[in-house]
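Before any comments, here is the structure.
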Amino acid sequence: MNEATFHPLHQVFPTVASWLDGKSDEPVSTHADTLAAIFDLGTYERNALLLAAYAALEVEAGDQLAKTQGGNDRRQLTFGTLLSAVPGAHWGALSADSGLRWHRLLEAMPSAPLASQPVVLAESAMFYLLGRPALSSAIADHVQVVRTEPLLSPARTQLRDLILARSSPCPPMLLMLTGTDPEGKVQAMKAACDKLGETLCLLDGAMLPSATGELLAFARLLERDIRLMSGRLVLRLGNQAEEPQMRILAQALTIPVCIVCDEPILVPDRTAVRIEMPRMTAREQVEVWRDYLGKGEKWEDAIAQVSGNFRATPELAASVKQAVDADPSLRGCALEQRIWATCRENLRPRMNELAERVESSVEWDDLVLPKKQKDVLAELLGHARHRAQVYEDWGFGSKLQDRGLGISALLSGPSGAGKTMAGEVIANALGLDLYRIDLSAVVSKWLGETEKNIRRLFDAAEDGGVVMQFDEADALFGKRSEVKDAHDRHANIEVSYLLQKLEVYRGIVILTTNLKDNIDQAFLRRIRFVLDFRFPAQREREEIWRRIFPAAVPIKSLDYQVLSRLNVAGGTIRNIALGAAFRAARDESAVDMRHIRESAAVEYDKVGRIMTDQEGAGWNL
């Protein structure tokens, strides 16, 4: 029926009121006709809704109901009145499994026998009949109706088109949008809804009721309101803890549902259509930055740098624009630093949920290594700085089919040899955040959970332009075992999945181990740089001692050649120097050889060592 033939709701109320006087005229067409079509209701059910609307909206309805129901204390509409006054009435239309009550279009207050129970029109049904569809208050507290214009990028536009292609001629019952850029998937869905003439209704997993009974009751109200809104329901999964409730909800609903998640989830008895979020090239990201920052030489150097390290989104670009606009005087290097710092800050929250961020001020000159090792690290930095040019401008990314593009380095050697510091130096040299990965938080005893954790970690890292460091990597990347049982097979699958992620990850991964021989050879072949950190020689130990004290520390008559005779690694040198500084602060004096000797004795006792004659010679305390 054409929208133009519908009459305003108040025009039908005189006819509805006449039913209470025993008349049975057929009302003119209103939005009740389309509402009845949405929920497959009959003529009687449609008329029952009209009477409920009259009772809710007309001032004189109370008087009329009191007159009909035989008492001034009976001014509310009841099931009995619906049966006695509305033409074509029958009990089946008011049963618990009827369309009116199953969809909660009429809401009863069960405080009396059925015929005497007061009944009211659902809030969302009332607004629909008034021609102003809206969510009921019970649902609006949980669901966001997205009405803003979608923020699009090339990747989001591609996803929108993929959604539209899968929605023709009809949308799938369960659509799953996976991959990176959580907000981008919602924005792409909003753009698709705009094309389809639908209203996007967004529900976060954190807003779902926890009790199953409450969740199922919520599902009925939610489905009712989404239908009345001509909406498309989008469920956004925030974390693993929300998955069970989201599965129950998606299974209970009989309307098309879209789930936005990093990894696909299994919904029993539902076949999902999965669409992966496309990834943008560096060139496409440059265009996103230019759309917000504007074209011109002022931005070009900064844009070229950030597009190679941080995944551009309209939200991030808008945040950077706001930060830059706050200080119009920014130019040159200061401008680049502000843009870079804003990118790092905005992309930290997601990664902070998954790993520990390491803050360090160590620089290239603080790292004491033989020339060969430092040359390898310098080459690694060169790969990181020029990856966008080589992979995309020169075409190696497509040539290699996105395999082997990650910059990975295995740093092996004894404790204290500088492996951890090397990771900090790399991150600081590139201006990126360093995150140390806790393997115990990644590996799960539950089947499939480790793979989900790994993917979530790598996706967040690539979005945020970070350096990931796995300490004691042999614990997870060790030699794969012979398959003797399901546990062995599961462990090998986890390692294989990790190797696969390392091959396609375009960021930087630092792996450290004290036991290089325990690393699987198949894994080593996928590592771009393998660097052995040996125990520092005396000449290197002397250089470490010369650099270990910050400039502000007062020192007095330190003999670095004598200190270099202490046969300890750089990590132990750091501990000895720190202990000596506290002793000097206690004595209100400068750090001298006595303080260092006392601190060294404590460190030697910790590991059960005794200072040799050669180590103890020449101190002249």
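The values are calculated or read from the model by the stated rules, or taken from the named source; none is laboratory data. Only a predicted model underlies this, so the values are computations on that prediction, with no experimental measurement involved. When we count neighbours, we look across all protein chains shown, and the Cβ atoms used for this are built from the backbone with ideal geometry, even at glycine. The protein model used for the area step is the full one, side chains on, heavy atoms only, and it has no ligands, DNA or RNA in it. Shrake-Rupley method; radii C 1.70, N 1.55, O 1.52, S 1.80 Å.
In the stretch 369-425 the Cα-Cα distances spread across 5 Å bins starting at 0 as 4, 16, 23, 20, 13, 12, 8, 3, 1 percent of all pairs.
For the chain, the solvent-accessible area works out to 47 Å² per residue, with a probe of 1.4 Å and every protein chain left in place. Reported value for the stretch 290-336: 69 Å³ per residue, from the convex hull of its C-alpha atoms. For the stretch 1-59, the alpha-carbon coordinates run over 30, 21, 21 Å along the three principal axes, in decreasing order. With all protein chains in place and ligands, DNA and RNA left out, the 1.4 Å accessible area ranks TYR128, TYR604 as TYR128, TYR604, largest first.
So what does log10 I(q)/I(0) come out to for the stretch 501-543 at q = 0.17, 0.19, 0.33 Å⁻¹, using the Debye formula with one equal point on every Cα and no solvent? So the normalised log intensities are -0.63, -0.72, -1.31.
If you take the Cα centroid of the stretch 175-194 and the Cα centroid of the stretch 152-170, the two points sit 9 Å apart. Across the chain, the convex hull enclosing all Cα atoms gives 247 Å³ per residue.
If you line up the long axis of helix 538-548 against the longest principal axis of the chain, both from Cα atoms, how many degrees apart are they, to the nearest 10? Once rounded, the angle reads 50 degrees.
By the rule of a C-alpha distance below 24 Å, with chain neighbours fewer than 8 residues away ignored, the lysines paired with LYS67 are LYS23.
For n ≥ 4 DSSP H runs only, could you compute -39500 (n - 2.57) per run for the chain, divide by its residues and tell me the 222 nm figure to the nearest 500? Could the numbers behind the result be given before it?
Working: 29 runs with 301 residues, N = 621.
It comes out at -14500 deg cm²/dmol, rounded to the nearest 500.
Projecting the alpha carbon convex hull of the stretch 331-404 along each direction and taking the average yields 8.0 nm². Taking a straight Cα-Cα cut-off under 27 Å and skipping sequence neighbours fewer than 8 places away in the same chain, the lysines within cross-link reach of LYS606 are LYS419, LYS516, LYS556. Out of all DSSP beta bridges in the chain, what portion is antiparallel? Express it as a percent rounded to 5. Of those bridges, close to 25 percent are antiparallel.
Placing +1 on the Cβ of each Lys and Arg and -1 on the Cβ of each Asp and Glu in the chain, which of SER564, CYS258, SER415 has its Cα farthest towards the positive end of the resulting dipole? The one lying farthest along the dipole's positive direction is SER564. Just to be sure I follow the definition: excluding the sites themselves, where is the longest run in the chain that has none of the GluC sites (Glu not before Pro) in a DSSP loop with at most 12 other Cβ atoms within 10 Å? The longest uninterrupted stretch comes out as 61-352.
For the stretch 190-317, the fraction of alpha-carbon pairs lying more than 27 Å apart is 38 percent, rounded to a whole number.
Using alpha carbons only, how many degrees (0 to 90, rounded to 10) separate the axis of helix 212-228 from the longest principal axis of the chain? Between the helix axis and the principal axis of the chain, the angle is about 70 degrees. Here's the list of lysines a cross-link from LYS399 could span, going by alpha-carbon distance under 29 Å and ignoring same-chain residues fewer than 8 apart: LYS185, LYS452, LYS501.
Between LEU266 and ARG385, the modelled labels are 4.9 nm apart [label points 7 Å from Cα along Cα→Cβ]. Put a dot 7 Å past the Cα of SER589, heading toward its Cβ, do the same for GLU315, and the two dots end up 5.9 nm apart. What translational diffusion coefficient, in µm²/s and rounded to a whole number, does the Stokes-Einstein relation yield for the stretch 354-474 at 4 °C and a viscosity of 1.567 mPa s, taking the hydrodynamic radius as the Kirkwood radius over Cα pairs? The estimated diffusion coefficient comes to 81 µm²/s. You can think of it this way: the chain between THR34 and ARG609 has 198.3 nm of extra reach, that is 0.36 nm per residue less the Cα-Cα gap. Database remark: amide H of VAL358 closer than 5 angstrom to the amide H of LEU434, TYR435, ARG436 (H placed geometrically; neighbours at sequence offset of 5 or more, or on other chains; Pro and chain starts carry no H). Shape summary: the stretch 489-561 maps onto an equivalent ellipsoid whose semi-axes, from the alpha-carbon gyration tensor, are 41, 15, 10 Å in decreasing order.
Compute the whole-percent fraction of alpha carbon pairs in the stretch 234-284 spaced more than 19 Å apart. Intermediate values should be presented prior to the final figure.
Working: 392 of 1275 pairs.
Tail fraction, whole percent: 31.
Once the Kirkwood radius over Cα pairs is known for the stretch 275-395, the Stokes-Einstein relation at 4 °C and 1.567 mPa s delivers a diffusion coefficient of 79 µm²/s. What is the diffusion coefficient of the stretch 120-172 in µm²/s, taking the Kirkwood radius over Cα pairs and the Stokes-Einstein relation at 37 °C with a viscosity of 0.692 mPa s? In µm²/s, the coefficient is 234. On a 0 to 90 degree scale, rounded to 10, what angle separates helix 593-606 from the longest Cα axis of the chain? Helix 593-606 and the main axis of the chain meet at about 60 degrees. Placing R0 at 51 angstrom, the Cβ-Cβ distance between ARG147 and SER360 gives a FRET efficiency of 0.70 after rounding to 0.05.
Normalised by 2.2 N^0.38 Å, where N counts its residues, the alpha-carbon radius of gyration of the stretch 134-252 equals 1.04. Taking a ≥ b ≥ c as the square roots of the eigenvalues of the Cα gyration tensor, the stretch 1-117 is oblate, since a/c reaches 1.5 or more and a/b is not larger than b/c. Debye-formula intensities of the stretch 50-203, expressed as log10 I(q)/I(0) at q = 0.11, 0.12 Å⁻¹, are -0.62, -0.69 (one equal scatterer per alpha-carbon, no solvent). In this simple spin-label approximation, ILE555 and TRP394 carry label points 7 Å from Cα along the Cα→Cβ vector, and these lie 4.2 nm apart.
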